[in-house]
1. Note down all Cβ pairs under 8 Å where the first residue falls in the stretch 45-65 and is in contact (Cβ under 8 Å) with a residue 40 or more places away in the chain, the second is surrounded by fewer than 10 Cβ atoms within 10 Å (Cβ to Cβ), and they're at least six residues apart or on different chains.
2. I'm checking my understanding of the structure. Among residues of the stretch 22-65 that are loosely packed, with under 10 Cβ neighbours inside 10 Å and not in a loop (DSSP other than H, G, I, E, B), which one is modelled with the highest pLDDT?
Amino acid sequence: MAEINSTAQVTSALTGVSDVLTPVFTLWYLQKNITSDIAPYVTRVTWSDNIKNESDTIEVELDDT
């Protein structure tokens, strides 16, 4: 079986550095898409899919420095 390595995999093997995935999200507030306004400040987005009869939760952490 042949294995095909992407350029990123080869670079990672040679340098020890891997590409970082960029998360994709859209955030709406009061029926307005505010994603582009806050995206530069977002450090973490956490979503919890709770069990039946409980609301799901989302946390958005922003860098305020």
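1. none
2. Result: LYS32.
The values are calculated or read from the model by the stated rules, or taken from the named source; none is laboratory data. Model, not experiment: these values are computed from the prediction. Glycine gets a Cβ as well: all are built from the backbone with ideal geometry, and neighbour counts include every protein chain shown.
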